[in-house]
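Remarks on the structure that follows.
All of the numbers you see were taken from the coordinates with simple rules; none came from a lab. Note that this is a predicted model, so its numbers are computed, not measured. Virtual Cβ from ideal backbone geometry, glycine too; neighbours counted across all protein chains shown.
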Amino acid sequence: MIQEIVQQFFVIKISTIQIYLLWFLLGSFTVATLSDIKHLSAQREFLHVWLLFTVVMFITDLYYHHYLVQNIVYLVAKWFLIFIVIPAYFKTVVKVAWGDIFAKMAATSILPPFFVALFIIIIQIIDAITRRMMRMFGIGRAYPFMPAILFTTIVLLTIAMFVT
């Protein structure tokens, strides 16, 4: 029982459908990253797609972890981090655009709670490493943040493959 709970928090189990969704998400991140670098903003449609993606993943998690396996702790931990911590931290402390926040929420919606927390840490590291280079594409203090989101998502998925 405890081993199953620990495994749910630390291991990513991705179904075939989720793999296709993930490829779709990474594709949208790639296009938005190029748009962000070129125009310092992603198209507004991406925000709607990422928000919808997050809501669909929430409903999927709600069904699976509430009705099928009845793991409320998992649900509360994961979605508290996604719906409360990510927007609050990145809007008030880091001060990034809402589009970047929705992208982070979409990226983390497929991850277990431990990886959501790890995402928040790793994205700060990747942003610190790439910030100087990204400022070349920015205006004033603003710079493209989508590349950090894309790189962080790829790094975490690569790490997750070795954990499983």
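Given the options Arg141, Arg44, Arg131, state which has the largest fluctuation in a GNM of the chain using a 10 Å cut-off (strictly under) for Cα springs.
Maximum among the listed residues: Arg141.
Roughly how many nanometres apart are two label points built 7 Å out from the Cα toward the Cβ at Leu52 and Ile84?
Here the answer is 2.9 nm between the modelled labels.
Given Cα pairs under 8 Å that are at least 6 residues apart, what percent is the relative contact order of the chain?
On the way: 147 pairs, mean separation 52.7, N = 164.
Rounded, it is 32 percent for the chain.
Pick from Met133, Met146, Met57 the residue whose mean-square fluctuation is largest in a GNM of the chain, springs joining Cα atoms under 10 Å.
Per the Cα network of the chain with a 10 Å cutoff, Met133 tops the list.
Which aspartates and glutamates have a Cα less than 14 Å from the Cα of Lys78, not counting those fewer than 8 places away in the same chain?
Straight-distance partners of Lys78: Asp61.
Report the convex hull volume per residue for the stretch 35-128, counting only C-alpha atoms, in Å³.
Details: hull volume 8.0 nm³, N = 94.
Convex hull of Cα atoms, per residue: 85 Å³.
Using a Gaussian network model on the chain with a 10 Å cutoff between Cα atoms, which of Ile110, Ile37, Ile125 fluctuates the most?
Maximum fluctuation in the GNM of the chain, among the listed residues, is at Ile125.
For the stretch 99-144, take N as its residue count and report Rg(C-alpha) divided by 2.2 N^0.38 Å. Mind showing how you got there, number by number?
Working: Rg = 12.4 Å, N = 46, 2.2 N^0.38 = 9.4 Å.
For the stretch 99-144, the normalised Cα radius of gyration is 1.32.
I'd like the per residue volume of the convex hull spanned by the Cα atoms of the chain, given in cubic angstrom. Walk me through the numbers on the way to the answer.
On the way: hull volume 17.2 nm³, N = 164.
In the chain, the Cα hull volume divided by residue count equals 105 Å³.
Any chance you could run the full-extension gain for Met161 through His66? It's 0.36 nm times the residue separation minus the Cα-Cα distance, nm to one decimal. Don't jump to the answer; show the numbers that get you there.
Values: separation 95, 0.36 × 95 = 34.20 nm, distance 2.59 nm.
Between Met161 and His66, full extension yields 31.6 nm more.
I'd like the Kirkwood hydrodynamic radius of the stretch 73-164, using the inverse of the mean 1/r over distinct C-alpha pairs, in Å. Please list the in-between numbers first.
Working: mean 1/r = 0.0738 Å⁻¹.
By the Kirkwood definition, the hydrodynamic radius is 13.6 Å.
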